[in-house]
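Worksheet: the structure to be examined is printed underneath.
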Amino acid sequence: MSTVATHPSYDELCANFDWAIAERELGVTRSGRINIGWHCSDRICELGLASKPALIWENFSGTGRTYTFDDLRALSNTIAVYLADLGLQPGERICLFMDRVPDLYIGFLGILKMGGIAQPLFSAFGGDSLWTRLADARTSAILTQRKHVGKVRKIREKLPELRHIVVVDAGEAPLQEREVAMALDELPRVERLDVYPSTSETPSVLHYTSGTTGQPKGAQHVHYSIVSQYLTAKWVLDLQPDDIYWCNADPGWVTGTSYGIIGPWANGTTQVVLDSGFSTERWYAFIDKHRVTVWYSAPTAIRLLMRDGTKVARKYALTSLRHLCSVGEPLNAEAVIWSQEAFGLPFHDTFWQTETGCIVVTNFPGMPIKPGSMGKPFPGITATVLNPKTNEPYDRPGPVGLIALRPGWPSMIRSYWNNPTGYASKFKNGWYLCGDRASIDPDGYFWFVGRDDDVINTGGHLVGPFEIESALLEHPAVAESAAVAKPDPVNMEVVKAFVTLKPGFEGGPDLELEIMNFVRNKLSPLAMPQEIEFVPSLPKTRSGKIVRRILRAKEWGEPVGDTSTLMDE
Ligand code: PRX
């Protein structure tokens, strides 16, 4: 079976494109009221789909529960009222720090319905990663689970503005200072709610993304983003009324909110969620059981599936699948060819970022795929590559340059939280620079080359070297450190750390392991260096800045480039 796009062709859509198409279909205007929480639940009920399953949820042991759009509507009302009753005000940041349990998805909509700003964070984060992001956002409340509350307890003294720690599964467990238990099933179901009257520019979601220097940046989205997320989900993911859609991304990552909550539910699509880590057989069994039709995944996962071979895929009935998409890192040509072999369908690459809020370059359904290419700009997105010397688009196809987008599409972030200068620095000559390099071929297809900075892309997740280096420096043995990307067959990149030791410490496997675990507990498993090399000194500029580019080049077997500004050269 092949992917069938039921909408007009890419070229026709480009020729007649206007974001007003999405506004009309959603029933919103730029100057009117828009609330993502309401649009993803109440409005779908008003369209006659109240009893349609919205969320089919399953955990690692196979226990499951289904929520209809009417459940989503009433239960998100219930959470909105609960949070408002705690005294939380519109505009306050409310963090979601949970595994992929239903309260996470329903809580996200509930926060938006009471006018709060939803701040989703990975539940795998350790205390330091959590603290950095809560302190920067001056978060007022956090919704979490019993199994994660210990990490919050350890840092709450350093967070005077965190007034409420809401535990969604507290049961009979004793609670501590500032903690409250919220048992959603036991609260009176709120059928009617005056949803907060947000408008297009009202802040909605705050997603933290990693940068090269300084702490992670809070990418600040607004309610109008739904216009882009709705239409890209409909056209690129090709969502149809009867689809069973699976996005295996965690909402701690923008993919898990833009296309794991907002885009599909704004379309009234039934979603399945598996709250469990990766396992080839478990994933195939899940697709088979729920008859998944559209699947949004990532190259790392696809590479793991490839490693297990097509034979495993044949053990399951995967014929329900009709459209596959991928995001987060370059999708290698082999992965596209392999998926054709394993599922009879190619994966369609989609390129975008936390900052763009929606897919901006993609292998659009129905458009011929060139394996290894990201495809072409979504209709309504003006994308190009700039000559890095002039910041002007090249006048011919071919050369590698900086991926740049003309600002103004609905889901672009409006700023970085507390950091307007950092946001302003992303623009050159009226273009927004993604921080990536690519070339465009004569047919207008984009070919990804690599990132333009030191940010490490491990399995689709960006990890900033500064955060890792800061954690390393807190270890008593570490004098100086540099974290760089090292190539990896499954995760594309992993973190490698170069470390100089303080006098009296000796490098060796025991110390390496100890430092690795130290970083893992403070930050997250993703940020943990997979290798630590103990070195006598680190390459630095004359002004004392560590030059990661040189260390990185050695890992990749690339030329080290210009070293004229180095201290020791
Ligand atoms: O470097 C690009 C890479 O991921 C970065 C954005 O990461 P993040 O903000 O975490 O959002 C990821 C999910 C939307 C990009 O600047 N990236 C994302 N998609 C692709 C990609 N690199 C190559 N090909 C892609 N399809």
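Odds and ends about this structure:
- Flag for residue 428 being at pLDDT 95 or above and touching a Leu at 6+ places or on another chain (Cβ under 9 Å): yes
- Check on residue 447, part of a loop (DSSP other than H, G, I, E, B), of a type in the set (Phe, Trp, Tyr) and modelled with pLDDT of 95 or more: no
- Of all the criteria given as (1) polar (S, T, N, Q); (2) away from the ligand (no atom under 13 Å from the Cβ); (3) buried (at least 22 other Cβ atoms within 10 Å of the Cβ); (4) not in a helix (DSSP H, G or I), the one not satisfied by residue 356 is (2).
For (1) outside the structural domain of residue 265 (by TED's automatic domain parsing); (2) without any contact (Cβ under 8 Å) to a residue 60 or more places away in the chain; (3) surrounded by fewer than 18 Cβ atoms within 10 Å (Cβ to Cβ); (4) among the acidic types (Asp, Glu), each residue gets a yes or a no:
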{"site": "24", "(1), (2), (3), (4)": "no, yes, yes, no"}
{"site": "27", "(1), (2), (3), (4)": "no, yes, yes, no"}
{"site": "37", "(1), (2), (3), (4)": "no, no, no, no"}
{"site": "47", "(1), (2), (3), (4)": "no, no, yes, no"}
{"site": "57", "(1), (2), (3), (4)": "no, no, no, no"}
{"site": "60", "(1), (2), (3), (4)": "no, no, yes, no"}
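- Close pairs from the stretch 115-134: first at positive phi, partner charged (D, E, K, R), Cβ under 8 Å, at least 6 apart: none
- Elements of the type strands (runs of 3 or more DSSP E) sitting completely within the stretch 157-249 and holding at least 3 residues that are in contact with a Pro (Cβ under 8 Å, 6 or more places away or on another chain): these cover 203-209, 217-222.
- Among (1) within 16 Å of the ligand (Cβ to nearest atom); (2) at pLDDT below 95; (3) open to solvent by 30 Å² or more (accessible area, probe 1.4 Å) - the single one residue 217 does not satisfy: (2)
- Matching residues in the stretch 162-178 - criterion: being open to solvent by 50 Å² or more (accessible area, probe 1.4 Å) and under 26 Å from the mean Cα position of the chain (by Cα): 169
- Every pair of residues 6+ apart whose Cβ atoms lie under 9 Å, when the first sits in the stretch 441-457 and is more than 16 Å from residue 332 (Cβ to Cβ) while the second is part of a loop (DSSP other than H, G, I, E, B) and within 9 Å of the ligand (Cβ to nearest atom): 455/210; 456/210
- Of all residues in the stretch 459-488, exactly one satisfies the criterion of being open to solvent by 10 Å² or more (accessible area, probe 1.4 Å), within 16 Å of the ligand (Cβ to nearest atom) and of a type in the set (Gly, Ala, Ser), namely 459.
- Among the candidates 379, 365, 397, residue that is part of a loop (DSSP other than H, G, I, E, B) and open to solvent by 20 Å² or more (accessible area, probe 1.4 Å): 397
- On the stretch given as the stretch 341-353, residues that are under 16 Å from residue 301 (Cα atoms) and either within 19 Å of the chain's Cα centre (by Cα) or within 16 Å of the ligand (Cβ to nearest atom) (or both) total 5.
Conditions (1) more than 30 Å from residue 436 (Cβ to Cβ); (2) open to solvent by 20 Å² or more (accessible area, probe 1.4 Å); (3) within 16 Å of the ligand (Cβ to nearest atom); (4) in contact (Cβ under 8 Å) with a residue 40 or more places away in the chain, marked per residue:
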{"site": "279", "(1), (2), (3), (4)": "yes, yes, no, no"}
{"site": "286", "(1), (2), (3), (4)": "yes, no, no, yes"}
{"site": "289", "(1), (2), (3), (4)": "yes, yes, no, no"}
{"site": "304", "(1), (2), (3), (4)": "no, yes, no, yes"}
{"site": "316", "(1), (2), (3), (4)": "yes, yes, no, no"}
{"site": "319", "(1), (2), (3), (4)": "yes, yes, no, yes"}
{"site": "325", "(1), (2), (3), (4)": "no, no, yes, yes"}
{"site": "328", "(1), (2), (3), (4)": "no, yes, yes, yes"}
{"site": "331", "(1), (2), (3), (4)": "no, no, yes, yes"}
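- Those residues of the stretch 114-132 which are assigned to a helix (DSSP H, G or I) and open to solvent by less than 10 Å² (accessible area, probe 1.4 Å), in sequence order: 129, 130
- Cβ separations smaller than 7 Å between residues 6+ apart or across chains give the following pairs from the stretch 364-392 residues that are of a type in the set (S, T, N, Q) to residues that are assigned to a strand (DSSP E or B) and open to solvent by less than 10 Å² (accessible area, probe 1.4 Å): 373/446; 382/405; 384/404; 387/401.
- Every residue from the stretch 436-458 that is open to solvent by less than 20 Å² (accessible area, probe 1.4 Å), within 11 Å of the ligand (Cβ to nearest atom) and not β-branched (Val, Ile, Thr): 436, 438, 446, 450, 457
- Lone qualifier among 132, 139 - being within 21 Å of the chain's Cα centre (by Cα) and either farther than 17 Å from residue 471 by Cα or in the same structural domain as residue 523 (by TED's automatic domain parsing) (or both): 139
- Residue in the stretch 264-277 that is of a type outside the set (Asp, Glu) and over 30 Å from residue 223 (Cβ atoms) present: yes
The values are calculated or read from the model by the stated rules, or taken from the named source; none is laboratory data. These numbers were taken from a predicted model, which means no experiment stands behind them. Note that each Cβ is placed from the backbone with ideal geometry, even for glycine, and that neighbours are counted across all protein chains shown. Heavy atoms of the whole protein, side chains included, go into the accessibility calculation; ligands, DNA and RNA do not. Shrake-Rupley method; radii C 1.70, N 1.55, O 1.52, S 1.80 Å.
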